[in-house]
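S.K.: The structure is given below, and queries will be raised subsequently.
Here, each number is a calculation from the coordinates, and none is a lab measurement. Quantities reported herein were computed from a predicted structural model and do not represent experimental measurements. Neighbour counts are summed over all protein chains in view; Cβ atoms, including those assigned to glycine, are modelled from backbone coordinates with ideal geometry.
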Protein chains: 2
Amino acid sequence: MARAATTSDVFNAIAEPQRRDILVLLRTGERPVTELARELGMTQPGASKHLRVLREVGLVRDRKAGKQRLYGLDARGLRPVHEWAGGFERFWNESFDRLDAYVQELKQARQEE
Amino acid sequence: MARAATTSDVFNAIAEPQRRDILVLLRTGERPVTELARELGMTQPGASKHLRVLREVGLVRDRKAGKQRLYGLDARGLRPVHEWAGGFERFWNESFDRLDAYVQELKQARQEE
DNA sequence: CAATCATATTCCCTTATCGGCATGCGTCAA
DNA sequence: TTGACGCATGCCGATAAGGGAATATGATTG
């Protein structure tokens with residue numbers, strides 16, 4: 001089996017730097033594909049492909065506007081990512097050397113009481 | 001060019017569900033590889049491979065303990081992920097339906113002036 | 001040293017990427 | 001209707017992923 005499809009979940013979709021760039025750019029408002037590609041220095045087909053992935057995981061919505069197709073942000077899918085990473089918050093605030101070893105020692109000491 | 005290497009950055013490393021499982025499990029303390037593999041229902045080589053990726057992006061540390069090798073969490077690398085996703089917080093708090101409704105209200109209010 | 005246990009690495013296979021390029025398809029204007 | 005424009009899709013090539021199985025490496029014990 002190869003890596004799971006990027007279209008399968010949000011974590012995979014945002015693993016690609018250019019797709020993260022697209023999401024950040026879309027915070028400032030909707031954009032047609034060509035403008036997006038120009039602002040981020042990618043080809044039009046390239047942008048379309050990344051947008052497709054983002055659409056399939058629900059991070060982006062599109063609507064027709066005449067000849068153009070406007071892409072807009074739908075960031076709700078990023079909330080689980082934020083919360084998942086947030087679950088580790090207390091771990092990156094601690095000084096790390098030997099923290100686990102220290103915890104183990106505490107457990108042992110408690111059992112020996 | 002193919003997909004970027006999973007060892008290249010944290011976003012890629014956590015794109016794989018089993019690796020996220022490993023990180024979550026390690027919040028409860030250090031573990032030798034075999035125990036980790038057993039608790040998560042993966043093979044020993046499978047666990048070792050995932051741990052290698054996590055180690056190369058700095059999300060886990062290992063230390064020798066006799067015959068075993070204990071893996072422990074180093075969650076500092078998850079902080080950028082948390083912050084990046086947090087940058088979208090104000091966008092997921094408004095449902096899009098309500099946002100549209102809000103825009104309609106603005107339009108109406110403006111016409112009634 | 002030999003045997004054993006814990007872990008890492010290698011090889012093989014199937015599959016998914018990402019980029020470039022060409023082309024298809026829909027929409028609008030003349 | 002015929003172009004021109006905007007975007008999506010298809011195909012190709014190169015690369016790397018992740019699982020399984022076998023094997024190598026490393027440390028410990030007898």
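S.K.: Can you list the residues of segment A:7-33 with backbone N under 11 Å from a point 7 Å past the Cα of residue A:63, pointing along Cα to Cβ?
M.R.: Counting backbone N atoms under 11 Å from the label point, the list is A:30.
S.K.: Scan around residue A:68 for amide H atoms under 5 Å from its own, H built in the peptide plane at 1.01 Å from N, and keep only partners 5 or more places away or cross-chain.
M.R.: Counting only residues 5 or more places away or on other chains, the set is empty.
S.K.: Considering only the label points, 7 Å along Cα→Cβ from Cα, what distances in nm to one decimal separate residue A:24 from the same position in each other copy, shortest first?
M.R.: Relative to the other copies, residue A:24 has label-point distances of 2.9 nm.
S.K.: Additional query: Mind jotting down the distance between the C-alpha centroids of segment B:1-79 and segment A:33-60, whole Å?
M.R.: What the calculation gives is 32 Å, centre to centre.
S.K.: Averaged over its residues, how many other protein chain Cβ atoms are within 10 Å of peptide B:69-80's Cβ atoms?
M.R.: Counting other chains' Cβ atoms within 10 Å and averaging over B:69-80 gives 5.
S.K.: State, to one decimal in nm and shortest first, how far the label point of residue A:56 sits from each corresponding label point in the other identical copies (label point: 7 angstrom along Cα-to-Cβ).
M.R.: Copy-to-copy label distances for residue A:56: 2.5 nm.
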